[in-house]
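Heads up, the thing below is written out as structure tokens.
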Amino acid sequence: MMRTILHVDMNNFYASVECLYRPEIRNYPVAVAGDPLNRHGIILAKNMIAKKLGVKTGEAIWQAKLKAPNLVTVPPDFKKYLRFSRLARGILYDYTDQIEAFGLDENWCDVTGSLELFGSGYAIAEQIRQRVKDELGVTVSIGVSFNKIFAKLGSDYKKPDAITMISNNNFKNIVWPLPAGNLLYVGRATERKLRNLGIVTIGGIAKCQVDVLTRLLGKWGEVLWLFANGKDSAPVRKIDESAVVKSIGNGTTTPRDLTTEEDVKLVFTVLAESVAARLRDYGLKCTGVQIMVRDSSLYYMTRQSKLDKPTYLSSDILAGAMELFNLNYDWRRPVRALALSGINLVTEHSGIELSLFDDPQQDVIKEKLAHTVDGLRKRFGHNVVLRASVLLDNRLTGFNPKEEHTIHPVSYFR
């Protein structure tokens, strides 16, 4: 039996939510952006008006304002976005319990078992589209297809507030002419390699010999060939809100360039505190850490490593981050931005293999202390308990990334 899968993408999500709270700006170009005074002046999201004027995610505010002089910028508020994400998912649960989140603003839904109750896949998509618009005040674009990859391409095909049906009969006409970069997991480097081979469309990937792609891209060559030919068979996994999270991370562009290991450790200390607290909020532990380092020339690198044991303690996460940094950064240039994530998450009560040299009681004491600090901060504010080290340079450490946390979607293949 052929599946019926929807991919529901909330249009211009962050900017749309901000316009709901500030209706006076909805007819202007709007962008959610960081603080330009602290060099966080990057466009995180924009509304459709700004998009039509050429404003792009990731560019600096000053660049965006050259294209849209009357651009309204607002700071991000992830509490709002989490709330609307959960409300939207609540609507989806009225049609199926097979829902897989891919970030805060995207969800796959397998409605194969709901067709007799609610009608065709297109009919269900239309009901969802209208309900989200009426009940939440934001719009969605929905792709309807027989696999997850094509459903996602469908939600991107026509925006905003639209539905695109990609079937076994029409996918060659709709999908194959699209740029190769539109296919999930074809990033810039892969797109460049394909272009060097003369492949610029998804159809070009589909028609290429698998062994040619494998020689060029390794195992990903075959994966992308399967995607392009509509042979993706990955299931839509039932996941709750906690399982949406594959990694929990925070990053910051520092108000001054970092020139010493001590500077870096100060910033990583604040980031590790935030990541650890968020892990505890979710009842999760990380089994690895990942860092991102961007230097003053805007060159960046990411590195990750496995931890000795699952943890949600900031001291463990900080130690892992500093070890990665010291092993991989050569200090050719000062550091301008850092990010830190706890990765490969497990539930906090997952069984772990203990070393003969571990003292589990010490971990229990540290975890109880961490939860006590969480309780104090929730009651009296974040700054009621701080590490002494963060007072050494308040300009570097005077931010609370926990309130601006980033949640990364689970891997497609997990």
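At-a-glance table
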read-out: Residue satisfying all of: in the range 278-307; in contact with a Phe, Trp or Tyr (Cβ under 9 Å, 6 or more places away or on another chain) and crowded, with 24+ Cβ neighbours inside 10 Å; farthest from Ser247 (Cα to Cα) among these; value: Ile291
read-out: Candidates Glu18, Glu24, filtered to the one that is modelled with pLDDT of 95 or more, assigned to a helix (DSSP H, G or I) and more than 28 Å from Leu338 (Cα to Cα); value: Glu24
read-out: From the options Asp156, Asp161, residue that is outside any helix (DSSP H, G or I), acidic (Asp, Glu) and either farther than 19 Å from Ser16 by Cβ or out of contact with any Leu (no Cβ under 7 Å at 6 or more places or on another chain) (or both); value: Asp161
read-out: Some residue of the range 248-259 being surrounded by fewer than 20 Cβ atoms within 10 Å (Cβ to Cβ) and either in a helix (DSSP H, G or I) or in contact with an Asp or Glu (Cβ under 6 Å, 6 or more places away or on another chain) (or both); value: no
read-out: Filtered residues of the range 125-141 (kept if closer than 15 Å to Ile5 by Cα and either surrounded by fewer than 16 Cβ atoms within 10 Å (Cβ to Cβ) or among the hydrophobic types (A, V, I, L, M, F, W, C) (or both)); value: Ala125, Glu126, Gln127, Ile128
read-out: Check on Ser274, in contact (Cβ under 8 Å) with a residue 24 or more places away in the chain, within 30 Å of Val390 (Cβ to Cβ), assigned to a helix (DSSP H, G or I) and not charged (D, E, K, R); value: yes
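The values are calculated or read from the model by the stated rules, or taken from the named source; none is laboratory data. Being a predicted model, the structure only gives us computed values, none of them experimental. A quick note on method: Cβ atoms are made from the backbone with ideal geometry, for glycine too, and the neighbour counts reach across all protein chains shown.
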